[in-house]
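Written out below as structure tokens is the structure these notes cover.
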Amino acid sequence: MALAQPGSNAHLMAGKAEAERKRTALRMDIMEGITPWTDYLRAAAEDPQLRNQSLVQIISCDPHIGYDKARSIVNDAFKTLYPNIRQTPKRITVGWVVSQWASGRRFEALLDAVHDTRKVAFHDGFPFTYGKAYN
């Protein structure tokens, strides 16, 4: 007799446990600096079990990016795509980024938010001064 018949609760719970193990293993690799967080998105594009994960949580697993910076990145990506919507949804998932309906636009906006050249640190007093005044 099989322990878990297909379609039974035990079978479904085993599938959820396997998905959680995959997500945890990938998050640990990101935290340890073994893989970048973009590899999680690449894996989620092919494995639907990885898509129901908070995008902020995945980005903030990176040791060089904190929670506030990750939240800012996701907010900037959302505002790039939808400038007329004033409030960013509380939970944006990895599935939202890798959705085939987006045709890569959401992923591109996310990468733009990470590498936004407009956020370069300027001199003190910018934009009200042109730098130090020399006589």
Can you say whether D68 is within 23 Å of H115 (Cβ to Cβ), modelled with pLDDT of 90 or more and either of a type in the set (A, V, I, L, M) or not in a loop (DSSP other than H, G, I, E, B) (or both), as far as the supplied structure shows?
yes
Y67 vs (1) within 22 Å of I34 (Cα to Cα); (2) surrounded by 15 or more Cβ atoms within 10 Å (Cβ to Cβ): all pass except (2)
Give the residue that is nearest to L26 (Cα to Cα), with candidates limited to residues of the range 54-80 that are acidic (D, E) and touching a helix residue (DSSP H, G or I) at 6+ places or on another chain (Cβ under 6 Å).
D62
Within the range 4-19, is even one residue in a loop (DSSP other than H, G, I, E, B), modelled with pLDDT under 85 and either hydrophobic (A, V, I, L, M, F, W, C) or touching a Leu at 6+ places or on another chain (Cβ under 8 Å) (or both)?
yes
Go through the range 70-87 and give me each residue that's surrounded by fewer than 16 Cβ atoms within 10 Å (Cβ to Cβ) and touching an Asp or Glu at 6+ places or on another chain (Cβ under 9 Å).
none
If the Cβ limit is 6 Å and pairs must be 6+ apart or interchain, which residue in the range 31-42 that is farther than 15 Å from Q57 by Cβ and without any contact (Cβ under 8 Å) to a residue 60 or more places away in the chain pairs with which residue that is of a type outside the set (D, E) and not in a helix (DSSP H, G or I)?
G33/P63
Give me the pairs: first residue in the range 102-116 and of a type in the set (K, R), second residue assigned to a loop (DSSP other than H, G, I, E, B) and surrounded by 14 or more Cβ atoms within 10 Å (Cβ to Cβ), beta-carbon distance under 8 Å, and six or more apart or on different chains, which are they?
R106/S99
Pairs only if they're at least six apart or on different chains, beta carbon under 6 angstrom, first in the range 61-83 and closer than 20 Å to R23 by Cβ and in contact (Cβ under 8 Å) with a residue 24 or more places away in the chain, second outside any helix (DSSP H, G or I) and not hydroxyl-bearing (S, T, Y); list them, first residue then second.
P63/G33; V74/I92
Residues satisfying the stated conditions in the range 41-65, i.e. part of a helix (DSSP H, G or I) and either farther than 20 Å from W101 by Cβ or among the hydrophobic types (A, V, I, L, M, F, W, C) (or both):
L41, A43, A44, A45, L50, L55, V56, Q57, I58, I59, S60
Mind counting the residues in the range 71-103 that are within 12 Å of the chain's Cα centre (by Cα) and either outside any helix (DSSP H, G or I) or hydroxyl-bearing (S, T, Y) (or both)?
4
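The values are calculated or read from the model by the stated rules, or taken from the named source; none is laboratory data. No experiment lies behind these values; they were computed from the predicted model shown. Reconstructed Cβ throughout: ideal geometry from the backbone, glycine too, with neighbour counts over all protein chains shown.
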